[in-house]
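For reference, the structure is listed below as structure tokens.
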Amino acid sequence: MICDGPFREGDLIESNGMRMGLMILLLAGLPALGQADQPMNLVLILADDLGWADTTLYGQTSFYETPNIQRLASRGMIFPQAYASPICSPTRASIMTGQNPARSGMTAPSAHLEQEVFSAIAADTGPPHQKCTNVRSATRLDSALPTLGTILQQAGYATAHFGKWHLGREPHSPLQRGFDVDIPHWWGPGPKTGYLAPWDYPDLREGRAGEHIEDRMAEEATTWLKQRDPTRPFYMNYWQFSVHAPFGAKPELIEHYRKKVRRGEAQQSPTYAAMVHSLDDAVGRLLDALDAEGIADRTIIVFYSDNGGNIHCGLEETDATGEEYVTAITSNHPLRGGKGGILEGGVRVPAVVVWPGMTPLGSRNQTRIQSTDLFPTLLNMLNLQRPSGHVIDGVDFSAALVGRELKRPPMFTHVPGHGNTPEWLPPSMSVHYEQWKLIRTFYYGENGLHQYRLYNLEQDIGEQTNLAETMPGKVRELDALIEDYIRDADVVIPQPNPRFDPARFDPALIGVQAGGLKMPQAALQKAADTTNASPLNVSPAELLQGWIVRNADSSVTSESLLLEPRGRQSFLANARIRADGPITVTLRLWSRRGGVGKLQWRAEGQERFPETGQTLSFAVEGAEWQEIQVAVNEPGKVIHLRVILPEKSGAVEIDWLEVSGNQGGKVGGQRWDFQEAAGGPSVSE
């Protein structure tokens, strides 16, 4: 049979352009065109941060140019209702394993961190302005989980990964997950230094000045393709760095799109348009190589994006007249929201699937699919068995690929943390079923209950009309699906925040990006250079609550502790910690430029900090508030902590800092809320 997925004859809907003769053959049980005798190859192209409206596939842009993605679509099928997690690592994990991030526990883009965490952990408390706690994401997948790479490698496929990974560094790199080749063998969340050489990758030959990393990755991929063993089938991951930050592109392409800018349009960044152009060029080079090798008719190609478009970052651009302006990177209109959020702009993505001889050429199918579905669907397309004992959340949609529309079972998305992007929502889980989408926001309703948003996506793709109050029966029906899935998948969910203070809560701030658009360092420095701010003073000791500041000016405002580094290693230290290990240090901070910070500790019996060891690194994003957790596996009593600021981070603000037990149990009740307000500073013991 072509498909063993959950569909019925009554669910079949004729696809655009589908020929009746093809349908008759398919209903007769047409075999998979000799797959058993001659295995198909697989190329899986994954764009990074490419929004649903960022290609010409859906008629939503006249600014960006994506002829090669359109060329790919002419060979297969477009899916207007394709979904992913709203952030990268969870989507990548779901593709590799077929498991929903809610089940695997990888719900945040934290797989580049050095610390290995294999399961999600619900925090037991949070800052007083939040009604519920956050869930700490896993940073690694369980090594025992089968992946597409390991399954195909064991089936005799030659396997190679090119580009971004973001599922862990050694021993969790592609080389340990079923890939024979991994180039550039980089574990970071984006391109290491930028798109144009020099790049400074440890394991990649340096490029000539100005060479684009996407051009190099396409070159490496096509070279591998030409040098492969032609007697073996192959599986290639081409996971693009584009169009993730840091934002940059070829100057000649920026100039090309600068001439196309129409000020006031939602999409008006020539830099981003040039980045999309290079992404599309790489797709074209892969198609050219497959054609040149004469294997396009034996190669399945999937094009997907890992999340919705980035609308929280901005760039200072110049139009063709020389006028400067600031614009968001892109727009997902008519969808609401973007990367990082649970609304449609964050989770709906472009998708194309080419199954030679099976997908009707240039067709379009309205079946709702999700990144988790690629795992079982590809295994079926390749005539490979599902791994025994492995739970798969994804749905095999291969029936849709032969021209049918599949009535998909309920689809779940889990975003269990507070965000800071336009249209962000507090920790939530959603379910898509039929034309409906229900969002449950944990404990943000009245009297500690959940809050709900219900949308009819057939009539309201922009999620403008919340029907929850007028359709309580539908809310109960769909919420029961969420509850059943939480129970079935043993999902770690947020908990009511015992420290919630209604006086500190402002519902008007939900969905508002604090600090405005996240700007690159150059723009921030330019803004700083145009001000005449006076030097900061060191705060009185009582406001620092036992902490001392070294190599930085500091002040405590009504909201936070503000630190301004002064060239040398800047840090915050407290020698009055008394906490039995292991402990977790959690802090909420904002940094102008971001970077890598460090946590250093001294245990009881140690007279000074060791010269080596007892230091853990943590990643800090630039220009956005974030909550950072660092687990310290110290068996003894911790008595002294240093929080070392990232080098060249610029100004840093710390809202609060807390020391707690590794599993969430309070250790010593130590928490510091930095604020200058009536009644003085707040510290919990």
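The values are calculated or read from the model by the stated rules, or taken from the named source; none is laboratory data. Here the structure is a predicted model, which means the values were calculated and not measured. Counting neighbours? That spans all protein chains shown, and the Cβs are built from the backbone with ideal geometry, glycine included. Heavy atoms of the whole protein, side chains included, go into the accessibility calculation; ligands, DNA and RNA do not. Shrake-Rupley method; radii C 1.70, N 1.55, O 1.52, S 1.80 Å.
The table for this structure:
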read-out: Computed over region 251-381, the ratio Rg/Rh where both radii use C-alpha atoms and Rh is Kirkwood; value: 1.04
read-out: Over region 314-449, relative contact order from alpha-carbon pairs under 8 Å, at least 6 apart, %; value: 19 percent
read-out: Entries of 437/474; 164/192; 192/260; 407/437 with Cα pairs more than 18 Å apart; value: 192/260
read-out: Cα-centre dipole for the chain with unit charges at Cβ (Lys and Arg positive, Asp and Glu negative), debye to 20; value: 360 debye
read-out: Residues of type lysines that residue 598 reaches as a straight line, Cα spacing below 18 Å, ignoring anything fewer than 8 places off in the same chain; value: 648
read-out: Stokes-Einstein translational diffusion, region 383-434 - Kirkwood Rh over all Cα pairs, 1.002 mPa s, 20 °C, in µm²/s; value: 149 µm²/s
read-out: Share of carbon and sulfur in the accessible heavy-atom surface of the chain [1.4 Å probe, %]; value: 49 percent
read-out: R0 of 60 Å, Cβ-Cβ distance residue 115-residue 320: FRET efficiency to nearest 0.05; value: 0.80
read-out: Mean projection area, nm², convex hull over Cα of region 177-233; value: 4.6 nm²
read-out: Helix-derived mean residue ellipticity, 222 nm - over the chain, DSSP H n ≥ 4, -39500 (n - 2.57), to 500; value: -5500 deg cm²/dmol
read-out: Segments 455-466, 356-367 sorted - mean Cβ within 10 Å per residue, highest first; value: 356-367, 455-466
read-out: Peptide ranges 208-218, 299-309, 625-635 listed from the most packed, as the mean C-beta count within 10 angstrom indicates; value: 299-309, 208-218, 625-635
read-out: Label of the coordinate-derived value, semi-axes √(5λ) of the Cα gyration tensor in Å, listed as (i) 51, 27, 23; (ii) 43, 28, 26; (iii) 78, 26, 23; value: (ii)
read-out: Dimensionless Rg/Rh of region 149-211 - Kirkwood Rh, Rg from C-alpha atoms; value: 1.04
read-out: P(r) weight above 14 Å for region 300-376, C-alpha pairs, percent; value: 70 percent
read-out: Cα lying deepest toward the dipole's positive end in the chain, options 345, 194, 76, charges on Cβ; value: 194
read-out: The chain, accessible area per residue, ligands and nucleic acids excluded (1.4 Å, Å²); value: 39 Å²
read-out: Taking the convex hull of Cα positions in region 190-303, its mean projected area over all directions (nm²); value: 8.6 nm²
read-out: Two-site FRET efficiency, residue 265 against residue 476, from Cβ-Cβ distance with R₀ of 60 Å, rounded to 0.05; value: 0.90
read-out: Which of 635, 551, 314, positive extreme of dipole for the chain (C-beta unit charges); value: 635
read-out: Region 420-476: radius of gyration and largest Cα-Cα distance (Dmax), Å; value: 11.4, 32
read-out: Segments 328-340, 56-68 sorted - mean Cβ within 10 Å per residue, highest first; value: 328-340, 56-68
read-out: Directionally averaged shadow of region 427-528, computed from the convex hull of its alpha-carbon atoms, nm²; value: 10.2 nm²
read-out: Region 212-276, Rg to Rh (Cα coordinates; Rh as Kirkwood inverse mean 1/r); value: 1.17
read-out: The chain, relative contact order in percent, only Cα pairs under 8 angstrom and at least six apart counted; value: 16 percent
